[in-house]
Amino acid sequence: MIKIKKAKTIGFCFGVKRAVDMANKALECDQKIYSLGPIIHNPLVVKKLSQKGIRVIYNIDDIKCGKVLIRSHGIKPSIRKKIKNKGLKILDATCPFVERSHRIVNDIKNKGFHIIIAGEKSHPEIVALAEASGNNMDIVINVKEVKKLKIKTKKILLLAQTTLSKGLYRQITQAAIDKNPFEVRIHNTICNDVAKRQDEVTRLSRIVDLILVIGGKNSANTKRLVQLCKTGGVRAFHLEAEKDLKKNWFKNVKSIGIMSGSSTPDWAVDEVISKVKKIKI
Ligand code: SF4
């Protein structure tokens, strides 16, 4: 029988659980709730919520009335303003850790710092944060991009996307220091839950033959966990649900690690584990 080691930090993170709980609670007394983009990066959960009545929209102009749910990644200040101007109600599920990055940017934006954020340019969290800075920040995803930057002031402020890998942020901050500014202010905005998952997956990759990382195919933090396993030298597969399991993955495998992205519900993890337990090799 395959030995299973389940990560301790698994299932929904605090911010995602909070957003899903807020959506479910709101549905108890209101049937006209719109989510601006999928509430989380997990198609299974999005489907269940849409069956209960949460409708996903991509443009605020598409609705005339109802309540708009802001997902955990937050939204651009201009869209928040537009929602208010239309007289629509807001159900704000922006994760407090994402709000913290907005506060940092708001406090510093006119104080002469060159703001650099380490993250993905098209990720909704970064898109919103960029606008909050007055589109006055550089977004970088690797050291090469930092090297190309022309630093406009003597002071640099660094932040990271909440789901960035710690190793990558370390490299990016070092590259910023290497540009020899007078002052470098580094904020560790990587979420603690994400950091714990990264540490656990790195530890697991040393002691098991294979790691299954469960999460939406569109989830950046899940993809990053898979990448960390591979960097650690262990085979790893990214799957959304038990139906994605393939028997041939388990050939000669004696032990496996189970990890999930932060928008994966516990029940999806449990379903994978119970199916793995039934696999005969
Ligand atoms: S991963 Fe962290 S920052 Fe993102 S929603 Fe979850 S708790 Fe919040």
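The figures follow:
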| quantity | calculated |
| --- | --- |
| Hey, GLU183 free of Cβ contacts under 8 Å to residues at least 12 places away in the same chain and not hydrophobic (A, V, I, L, M, F, W, C) or not | no |
| Any pair with Cβ under 9 angstrom, 6 or more apart, that starts in the range 1-26 at a residue that is at positive phi and ends at one that is open to solvent by 100 Å² or more (accessible area, probe 1.4 Å) and within 16 Å of the ligand (Cβ to nearest atom) | GLY11/LYS17 |
| Matching residues, the range 156-167, being away from the ligand (no atom under 16 Å from the Cβ) and modelled with pLDDT of 95 or more | ILE156, LEU157, LEU158 |
| Test: residue in the range 130-141 that is away from the ligand (no atom under 16 Å from the Cβ) and in a helix (DSSP H, G or I) | yes |
| Those residues of the range 80-101 which are within 16 Å of the ligand (Cβ to nearest atom), open to solvent by 50 Å² or more (accessible area, probe 1.4 Å) and out of contact with any helix residue (DSSP H, G or I) (no Cβ under 7 Å at 6 or more places or on another chain), in sequence order | GLU99, ARG100 |
| The range 107-126, residues that are open to solvent by less than 50 Å² (accessible area, probe 1.4 Å) and not in a strand (DSSP E or B) | ILE108, GLY112, GLY119, HIS123, PRO124, GLU125, ILE126 |
| Subset of the range 8-29 that is open to solvent by 40 Å² or more (accessible area, probe 1.4 Å) and assigned to a loop (DSSP other than H, G, I, E, B) - its residue that is nearest to the ligand (Cβ to nearest atom) | PHE12 |
| Test for ARG170: is it modelled with pLDDT of 95 or more and touching an Asp or Glu at 6+ places or on another chain (Cβ under 9 Å) | no |
| Residue pairs meeting the criteria (Cβ under 8 Å; at least 6 apart or on separate chains; first within 16 Å of the ligand (Cβ to nearest atom) and of a type outside the set (A, V, I, L, M), in the range 56-79; second open to solvent by 60 Å² or more (accessible area, probe 1.4 Å) and modelled with pLDDT of 95 or more) | SER72/ARG18; GLY74/GLU99 |
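Yes/no per residue for (1) basic (Lys, Arg); (2) outside any helix (DSSP H, G or I):
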| position | (1), (2) |
| --- | --- |
| LEU69 | no, yes |
| HIS73 | no, yes |
| ILE79 | no, no |
| LYS82 | yes, no |
| GLY87 | no, yes |
| ILE90 | no, yes |
| THR94 | no, yes |
| ARG100 | yes, no |
| VAL105 | no, no |
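The values are calculated or read from the model by the stated rules, or taken from the named source; none is laboratory data. Remember, predicted model here, so these are calculated numbers, not experimental data. Here the Cβ is made from the backbone with ideal geometry for all residues, glycine too, and neighbour counts use every protein chain on show. Each accessible area value is taken on the protein alone, full model and side chains, heavy atoms only, with ligands, DNA and RNA left out. Shrake-Rupley method; radii C 1.70, N 1.55, O 1.52, S 1.80 Å.
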